[in-house]
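Chemist: I have a structure here, written as structure tokens, and I will follow up with some questions on it.
The values are calculated or read from the model by the stated rules, or taken from the named source; none is laboratory data. The structure presented is a predicted model; accordingly, all values stated were derived computationally and were not measured. As a convention, Cβ positions derive from the backbone with ideal geometry for all residues, glycine included, and neighbour counts pool all protein chains shown. With ligands, DNA and RNA removed, areas are computed over all heavy atoms of the protein, side chains included. Shrake-Rupley method; radii C 1.70, N 1.55, O 1.52, S 1.80 Å.
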Amino acid sequence: MKPLSQEPGPIGVFDSGYGGLTILNAIRQLMPQYDFIYLGDNARAPYGTRSFDVVYEFTRQAVIRLFEMGCHLVILGCNTASAKALRTIQQTDLPVIDPQRRVLGIIRPTAEVIGQLTNSRHVGVLATEGTIRSRSYNLEIAKQHPDIMVTGLACPMWVPLVENKEADSPGADYFVKKRLDQLMMLDPQIDAVILGCTHYPLLMEKIVRHIHPGVRIVPQGEYVAESLRDYLERHPEMERKCHQGGRVHYLTTESTERFEEGAWVFLREKVQVEHIDL
């Protein structure tokens, strides 16, 4: 591991693929003044079906690389990494690597705010198989709001629909409606549904079209961004370590051409990206 700089640096955002771009986009809209590095481990995506040990090791490699590139704060813009790797990195790795650096996930911000968004106290979570199996949302929401009943359902077809540019196709309606109906059959009292995968906001139009009347859809991005802004306000010592220049540097472990094409789907803007090995 390279020596770590103590100079101010960018905020790191890591994801196994493209979905974290929705998190980065929400953060940039709220806090455009900061510098960011986005690292997508696209060559080894998806993480959703991988074991806890593998996801932890891959995530740890990415976090260390972002630290070496000057980041003092890294956001795991990936639900699977947040579910399977965050706690171990925080408790085991950071005290050894650098106790002053921080790694934050994207599950807790939504769990904290969900109590304000449900009246029935029955909440649904739609996510990848790995996130649902981890029960991370159930556990985190139970800590914050023990009175809320959480029902999770995996949506294995939703990510491929987005990444294969089928999110706007008529076929996507079938898969979206099918999962929403299944979720509401499991618990008809659900009045708020968390989109626990960063790809899912790209299906928002169809989700809103097919969700049962009176059910609120809760994407993560805006709540992660607000939580990060609050965190920096409460920790001025970290805020001073986050460089402000309004720049974004994109990195991928896959081909740069493929990433640029995929990033267009999520950001609707052309980006320049650099290849990196982990």
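Chemist: Could you work out [θ]222 nm for the chain from helices alone, using -39500 (n - 2.57) per DSSP H run of at least four and dividing by all its residues? Round to the nearest 500 deg cm²/dmol.
Modeler: Computed ellipticity for the chain at 222 nm equals -12500 deg cm²/dmol.
Chemist: If the only charges are +1 at each Lys and Arg Cβ and -1 at each Asp and Glu Cβ, what is the size of the charge dipole of the stretch 1-96 around the Cα centre, to the nearest 20 debye?
Modeler: Details: 8 positive and 8 negative charges, 36 e Å.
Dipole of the stretch 1-96, to the nearest 20 debye: 180 debye.
Chemist: Could I ask something else about it? Give me the compactness ratio for the stretch 123-270, meaning the Cα radius of gyration over 2.2 N^0.38 Å.
Modeler: Working: Rg = 17.7 Å, N = 148, 2.2 N^0.38 = 14.7 Å.
Compactness ratio reported: 1.20.
Chemist: Another question about this same structure. Within the chain, count lysine pairs with alpha carbon atoms under 22 angstrom apart where the residues are 8 or more positions apart or belong to different chains. Kindly include the intermediate steps, with their values, before the conclusion.
Modeler: Numbers: 2/241; 84/143; 165/177; 165/178; 165/206; 165/270; 177/206; 178/206.
So the count works out to 8.
Chemist: Using the Cα centre as the reference, give the magnitude of the dipole from point charges on the C-beta atoms of the chain (Lys, Arg: +1; Asp, Glu: -1; all else neutral), rounded to the nearest 20 debye.
Modeler: Working: 30 positive and 34 negative charges, 84 e Å.
Charge dipole, the chain, about its Cα centre: 400 debye, nearest 20.
Chemist: Gaussian network model of the chain, Cα springs within a sub-10 Å range: biggest mean-square fluctuation belongs to which of 262, 105, 48?
Modeler: 262
Chemist: Now a separate question. State the three equivalent ellipsoid semi-axes of the chain, derived from the C-alpha gyration tensor as the square roots of 5 times its eigenvalues, in descending order and whole Å.
Modeler: Numbers: eigenvalues 178, 91, 57 Å².
Result for the chain: semi-axes of 30, 21, 17 Å.
Chemist: Can you give the extra length, in nm with one decimal, that the chain gains between residue 238 and residue 275 once fully stretched, where that is 0.36 nm per residue apart less the Cα-Cα distance?
Modeler: Working: separation 37, 0.36 × 37 = 13.32 nm, distance 2.83 nm.
Difference between extended and current length: 10.5 nm.
Chemist: How would 1, 31, 149, 185 rank on accessible area, largest to smallest, probe 1.4 Å? Walk me through the numbers before you get to the answer.
Modeler: Numbers: 1 130, 31 5, 149 105, 185 155 Å².
These residues rank, largest area first, as 185, 1, 149, 31.
Chemist: Just to confirm my numbers, what's the Cα centroid distance between the stretch 264-278 and the stretch 127-198 in Å?
Modeler: 27 Å
Chemist: Separate question: Taking all protein chains as present, what is the carbon and sulfur share of the accessible area of the chain, in % to the nearest whole number, probe 1.4 Å? Show your work: numbers first, answer last.
Modeler: Details: 6310 of 12530 Å².
Ligands and nucleic acids excluded, carbon and sulfur reach 50 percent.
Chemist: While we're looking at this one, here's another question. For the stretch 1-65, divide the Cα radius of gyration by the Kirkwood radius and give the resulting Rg/Rh value with two decimals.
Modeler: Values: Rg = 13.4 Å, Rh = 13.2 Å.
Using Cα coordinates only, the ratio equals 1.01.
Chemist: While we're here: What do you get for the angle between helix 170-186 and the principal long axis of the chain? Use alpha-carbon atoms, 0 to 90 degrees, nearest ten.
Modeler: 70 degrees
Chemist: Here's a follow-up. Note down the relative contact order for the stretch 38-153 as a percent, whole number, built from C-alpha pairs under 8 angstrom at least six residues apart. Spell out each step's value before the answer.
Modeler: Values: 132 pairs, mean separation 29.3, N = 116.
Relative contact order here is 25 percent.
Chemist: Calculate, for the stretch 144-278, the solvent-accessible area per residue in square angstrom, rolling a 1.4 angstrom probe over the heavy atoms of the protein chains.
Modeler: Details: 7090 Å² over 135 residues.
I get 52 Å² per residue for the stretch 144-278.
Chemist: Another question about this same structure. In degrees from 0 to 90, rounded to the nearest 10, what is the angle of the helix 52-68 Cα long axis to the longest principal axis of the chain?
Modeler: So the helix axis and the longest Cα principal axis differ by about 40 degrees.
Chemist: When ligands, DNA and RNA are left out and all protein chains stay put, how many square angstrom of accessible area per residue does the stretch 1-54 have with a 1.4 Å probe?
Modeler: On the way: 2220 Å² over 54 residues.
It amounts to 41 Å² per residue over the stretch 1-54.
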